[in-house]
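To keep things clear, I will list the structure first and then write my remarks on it.
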Amino acid sequence: MPSQTSLKKVILRESVKPADFLKLLSARRKKELLSQASYLQGKRVVHINATAAGGGVAEILKSLIPYLRSLGIESDWYAINPNIDGNFFTITNKIHNALQGAAVKISGREWAEYERINKRIAADLDTIDCDVLAINDPQPLFAGCYSHLNKRKVYFSHIDTSAVSKSIWKKLHPCIASYDKIVFSSSDFVHGDLSRRKVKIFVPSIDPLAAKQTIVSKKEARSYLQKHGGIPTDCPLIVQVSRFDVWKNPLGVIQAFRIVQSSCPEVRLALVGFNEAKDNPAAVAVYKDIAAVAAKSREIFLFFNSMGKNPLEFTMMAQNAADIVVQNSTKEGFGLVVTEAMWKRQPVIGGPASGIRRQIQNGRNGFVVKTPEELAQKIVLLLSNPKRRKLLGEAARKTVFEKFLFPRLVLDHLKLYRSCLRYQ
Ligand code: UDP
């Protein structure tokens, strides 16, 4: 690769032993997984995405690559160089928003820049040896098409494309349709003009062996947040963990919180959204707006710049420390933060996003709400009812155990790679 590379290999120190995750599968699935893995020995899979940290895709790849390696499948992960030219990530942020249905205009000049950088990425891809090339999300989408690698190519779309703007779809469709396989996180996000034979649905999952999923006592987590975040331990705590992004609707959380305060003045709110994702330059502006709204409230704690904190540990502790976890998103491809909190036996109140509705069955293992008023009402209800919180948290944990754990996702990946390679 040339010295100014557009891609950077992500170095992973994490390793995993197959025995540790195989025990999470039924005997039938374990046999199936080992059999699929045996066909892929000596094959090489490479994943490409926008950023090595921050966001759900990075979270998945951080676990997926070590799992694949542990099964004897060579695999690597490259993220787009965070110092890539000029406004590339501002443009891809617009494309992301348009895919999620926002009315944004992308100029001819911006498309030209997107295509220019993707040609550079493609040139770097051509120097990477692999059998299956997996492109995640729209940032490197065109690079997969421009690449001359005569390999199987898979496009993973992790976002909610159910209401995609027509003009964006028209622009991206020919490239997406040219991939050998196209993976979405829900059938609601698939468009009829894609070949059914190519489309797969993978439901995202969390890695129960990852440090992020550690479960600690509430007492330990609260004293950690007091020490590292200044949040007092003697008051109820509401937490939302997510990038500062309009789709996550942090403003709606603050509006609900203000309503809750009128009946429960001692309550505290923490919005945890460390600025790690290099592909989300809009986060700074969203954070500034939210900081201005929250400025007068000493009861609201915002976490954006890590400033000596360990974002992973802090996030895990915040998810353990909360009395109620909120995820007020209006759009969500899935929303791993919801799964993570449910796994930690938290009662979660989610916004109406499709990915959240996939995980929370209203009233059974959490709540789904549409407005700040409804959110406030459910928070007040749960704050006054610890027994209900516990019941919802237990049901949430069971849901994740049954449906959203990583070994199943690994099996989906193995089957996909194999089906790609079978007809070479
Ligand atoms: N995350 C984190 N700290 C933060 C914000 C987010 O560790 O301050 C992680 C979070 O734990 C989850 C991922 O980033 O693993 C977010 O994934 P999700 O699917 O919820 O949303 P995305 O950011 O991909 O839209």
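The values are calculated or read from the model by the stated rules, or taken from the named source; none is laboratory data. Worth saying up front: this structure is predicted, and the values here are computed from it rather than measured. Note that we place each Cβ from the backbone using ideal geometry, even for glycine, and neighbour counts take in every protein chain shown. Heads up: the accessible areas ignore ligands, DNA and RNA and are worked out on the full protein's heavy atoms, side chains in. Shrake-Rupley method; radii C 1.70, N 1.55, O 1.52, S 1.80 Å.
Remarks
- A Förster distance of 41 Å, applied to the separation of the beta-carbon atoms of Leu251 and Asp85, puts the FRET efficiency at 0.80.
- For the stretch 229-373, the Cα gyration tensor yields ellipsoid semi-axes of 20, 18, 16 Å (square root of five times each eigenvalue, largest first, whole Å).
- Rounded accessible area of Asp180 (nearest 10 Å², 1.4 Å probe): 50
- Only protein heavy atoms count here; on that basis, with a 1.4 Å probe, Glu299 has an accessible area of about 50 Å².
- Amide H contacts under 5 Å for Ile349, placed H, 5+ residues apart: Val325, Val326, Gln327, Phe367
- A straight chain from Ser297 to Trp169 at 0.36 nm per residue would run longer than the Cα-Cα distance by 41.8 nm.
- For the stretch 66-211, the alpha carbon positions stretch 45, 34, 34 Å along the principal axes, listed from largest to smallest.
- The modelled label-to-label distance for the pair Arg13/Leu194, using points 7 Å beyond Cα in the direction of Cβ, is 3.7 nm.
- For a paramagnetic label modelled on Lys227 (point 7 Å from Cα along Cα→Cβ), amide N atoms under 19 Å away belong, within the stretch 302-319, to 306-319.
- Here is how the number arises for the chain: DSSP H runs of 4 or more residues each give -39500 (n - 2.57), the sum is divided by the residue count, and the result at 222 nm is -14000 deg cm²/dmol.
- Carbon plus sulfur fraction of accessible area for the chain, probe 1.4 Å, in percent: 51
- Loop-resident chymotrypsin sites (Phe, Trp or Tyr not before Pro) (DSSP state other than H, G, I, E or B) in the stretch 235-308 with no more than 15 further Cβ atoms inside 10 Å of their Cβ are absent.
- Amide H contacts under 5 Å for Phe301, placed H, 5+ residues apart: Leu269, Ala270, Leu271
- Across the chain the C-alpha pair distances fall into 10 Å bins from zero in the proportions 4, 22, 32, 26, 13, 3, 0 percent.
- Of the trypsin sites (Lys or Arg not before Pro) found in the stretch 13-109, the ones in coil according to DSSP and having at most 14 other Cβ atoms within 10 Å of their Cβ are Arg13, Lys23, Lys105.
- Extension gain, Leu391 to Lys403, is 2.5 nm, computed as 0.36 nm per intervening residue step minus the present C-alpha separation.
- Extension gain for Gln41 to Trp111 (0.36 nm times residue separation, less C-alpha to C-alpha distance): 21.2 nm.
- In sequence order, calculated HN-Hα J values of the stretch 377-393 (Karplus, 6.51, -1.76, 1.60; Hz; x Gly/Pro): 4, 5, 4, 4, 4, 6, 4, 8, 9, x, 5, 5, 4, 5, 4, 5, x
- What the phi angles of the stretch 322-338 give under the Karplus curve with 6.51, -1.76 and 1.60, with θ = phi - 60°, is a coupling list of 4, 7, 9, 9, 10, 9, 8, 5, 9, 9, 6, x, 8, x, 4, 4, 5 Hz, glycine and proline written as x.
- Counted by Cβ distance under 13 Å from Ala322, the other residues give a net charge of +4, where Lys and Arg count +1 and Asp and Glu count -1.
- Note on the stretch 165-217: Kirkwood hydrodynamic radius from all Cα pairs is 13.5 Å, rounded to one decimal.
- Simple spin-label estimate for Glu374 and Ala103 gives 2.4 nm between the two label positions (7 Å along the Cα-to-Cβ direction from each Cα).
- Estimated vicinal HN-Hα couplings, Hz - the stretch 114-130 in sequence order (Karplus 6.51, -1.76, 1.60; Gly, Pro = x): 4, 5, 4, 5, 5, 5, 5, 4, 4, 4, 5, 4, 5, 9, 9, 7, 6
- When the chain is treated as a GNM with alpha-carbon contacts under 10 Å, the residue of Ser262, Ser205, Ser186 showing the greatest mean-square fluctuation is Ser262.
- Convex hull per residue volume in Å³, alpha carbons only, for the stretch 259-345: 131
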